[in-house]
Amino acid sequence: MSMSRPCGRALPLLRALLAGSLALLLASCAGVKVPEYQRPDTPGKASWSRPAVSAADTIAPDWWREFRDPTLDELVNRAIAGNFDVKILAARIQVAEAQIGEARAGALPTLDVGAGASFEKSTGQSFRKQFNLGTQVNWDIDIWGKVEKGVQAQTAEFHATEADWRAGYLTLVSDVATTYFQILQLDEQIDRQQRALDRSRQILATFEAMLGQGLVPRTQVLRQRAENNALTRDLLELQRARGLAGNALATLLGVPAGEFTVPPGKLQERVGLPAVPAGLPSELLNRRPDIVAAEFRLLEAYDLVGQARLAQLPSISLTGRGGTSSFALGDLLKSFTFGFLPSINIPAFDPSIKARLKTTEAQTKVFEHEYQRTVIAAFEEVENALTNLDAHRQQRTELQQQIDQLQIVAAQIQAQLREGLVSQLEVFETERSLLAAQLALLANHQQILADTVTLYKALGGGWPTVEVANVRR
């Protein structure tokens, strides 16, 4: 068996290459500085419409149970299990996690194994055949941590996709709750509208009888018929809106539209107004999933800049080869040849490396501004939710007082009607005013519920705080 032994000569060669390139490496390192991540400055929030409190005292993770409606709890559970948007976000987490392993594999050696044969016949010469078997190991040593920076960048993307899932989860629960409230509001409106239409038909019958006795002009009858037409049209519109809201809820649950319906109910009887959070969490920037996702993507951009800067440094590769060849297949394993080849690649002039660095640095600014934009939008959402909630609660007080007063008026008008002091028309007008106020109170009830959901969502929905700069896997 014959064997070449270049490995013994390779080690001194590697030492010589390293020593000869040391000055160049140091010079290269001097111009390469990996940026340290710092959360970008955002316009400060000096004060809130409510005093800040601990996040743990503000919102429970299952905040929708505060509405104390078992049907809503069931709908949320079904949506979490069946909604396809949430499933897509969960699948993206798995992709991002797999990509971490893909990035980490860049620091591992690779092994190639090959076998072949050649057959040759020339005029005047005998038939020749040769068999060969070979293997090669390549290893790019990550001495500067360039691959590790790529792993860190992909890890940040993994955490960002986790935050995306949390944001999608929060959006889904909020949409389910508000759609459900809308359906119950429409059910109650449909019920009241049907009763108003029935009452209007009774009024029409009364006017038609009075017309026969010459007590009212024909225009009064025509006016009441037109009122019936308007009430019927509004009833049809409410039924249409109820059908569309039911279809939207079915899609949120992950079932075909039309194959799921919520049993009719009354919003004010089924869903009470929950206690509003006592204040605002001071950890809003670390709590809202969309803000956390934006910051993780900014962290990823920093890591990619670091990787691009490290790519300017020389790289060391080790290549080992081994193989055998023979003219006879039976003699293939009788002799072997081995080789070892260390090498240093110095990117003295590579335009693509410089261009990549400029691109990653420019992208960092994009992600920084996107983070700042997300924070500013979060401040607006919280303040809007607080403003709407406070205004609608104050309006509720006024509406309730209006209804109380109109009910007193309606009772007195009924008493006066029995004594013959007022006409039936005055009774009808009073009932119409009372119905309008009751419908306004119903709409206000739904608005307060929706405002509360929006506030829960704007405050982060009960997710724990995340310190992005301290998260590394």
(message) Given the criterion out of contact with any strand residue (DSSP E or B) (no Cβ under 7 Å at 6 or more places or on another chain), under 30 Å from Ala450 (Cβ atoms), part of a helix (DSSP H, G or I) and open to solvent by less than 40 Å² (accessible area, probe 1.4 Å), identify the matching residue among Leu244, Leu204, Leu238.
(response) Leu238
(request) Looking only at segment 421-473, count how many residues are small (Gly, Ala, Ser), without any contact (Cβ under 8 Å) to a residue 60 or more places away in the chain and open to solvent by less than 20 Å² (accessible area, probe 1.4 Å). (result) 1
(request) Considering each residue of segment 436-473, count those that are among the small types (Gly, Ala, Ser) and either at pLDDT 90 or above or touching a Cys at 6+ places or on another chain (Cβ under 7 Å) (or both), and give that number. (result) 4
(request) State whether one or more residues within segment 435-442 are part of a helix (DSSP H, G or I) and either under 30 Å from Leu285 (Cβ atoms) or among the acidic types (Asp, Glu) (or both). (result) no
(message) Contact list please: Cβ distance under 7 Å, first residue in segment 347-372 and closer than 17 Å to Leu313 by Cβ, second residue open to solvent by 50 Å² or more (accessible area, probe 1.4 Å), pairs at least six apart or on different chains.
(response) Leu357/Arg309
(request) Could you run through segment 414-473 and say how many residues are more than 28 Å from Gln189 (Cα to Cα), within 25 Å of the chain's Cα centre (by Cα) and not hydrophobic (A, V, I, L, M, F, W, C)? (result) 9
(request) Identify, from the list Val375, Val409, Val382, the residue that is in a helix (DSSP H, G or I), touching a strand residue (DSSP E or B) at 6+ places or on another chain (Cβ under 7 Å) and open to solvent by less than 70 Å² (accessible area, probe 1.4 Å). (result) Val382
(request) Filter segment 57-103 down to residues that are among the aliphatic types (A, V, I, L, M) and part of a loop (DSSP other than H, G, I, E, B) and give me whichever is surrounded by the fewest Cβ atoms within 10 Å (Cβ to Cβ). (result) Ala60
(message) Here is a check on your reading of the model: is Trp139 closer than 30 Å to Leu313 by Cα and surrounded by 11 or more Cβ atoms within 10 Å (Cβ to Cβ)?
(response) yes
(message) Tell me the residue from Gly258, Gly214 that is at positive phi and either β-branched (Val, Ile, Thr) or over 37 Å from the mean Cα position of the chain (by Cα) (or both), please.
(response) Gly214
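Residues checked against (1) modelled with pLDDT of 80 or more; (2) among the hydrophobic types (A, V, I, L, M, F, W, C); (3) in contact with a strand residue (DSSP E or B) (Cβ under 6 Å, 6 or more places away or on another chain):
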{"residue": "Arg50", "(1), (2), (3)": "no, no, yes"}
{"residue": "Trp63", "(1), (2), (3)": "yes, yes, no"}
{"residue": "Asp73", "(1), (2), (3)": "yes, no, no"}
{"residue": "Asp85", "(1), (2), (3)": "yes, no, no"}
{"residue": "Gly101", "(1), (2), (3)": "yes, no, no"}
{"residue": "Gly106", "(1), (2), (3)": "yes, no, no"}
{"residue": "Gly116", "(1), (2), (3)": "no, no, yes"}
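The values are calculated or read from the model by the stated rules, or taken from the named source; none is laboratory data. What you are looking at is a predicted structure, and each value in this text was computed from that prediction instead of being measured. Ideal geometry is used to build each Cβ from the backbone, glycine not excepted, and the neighbour counts take in all protein chains shown. Please note that ligands, DNA and RNA were not included when accessible areas were found on the heavy atoms of the full protein model with its side chains. Shrake-Rupley method; radii C 1.70, N 1.55, O 1.52, S 1.80 Å.
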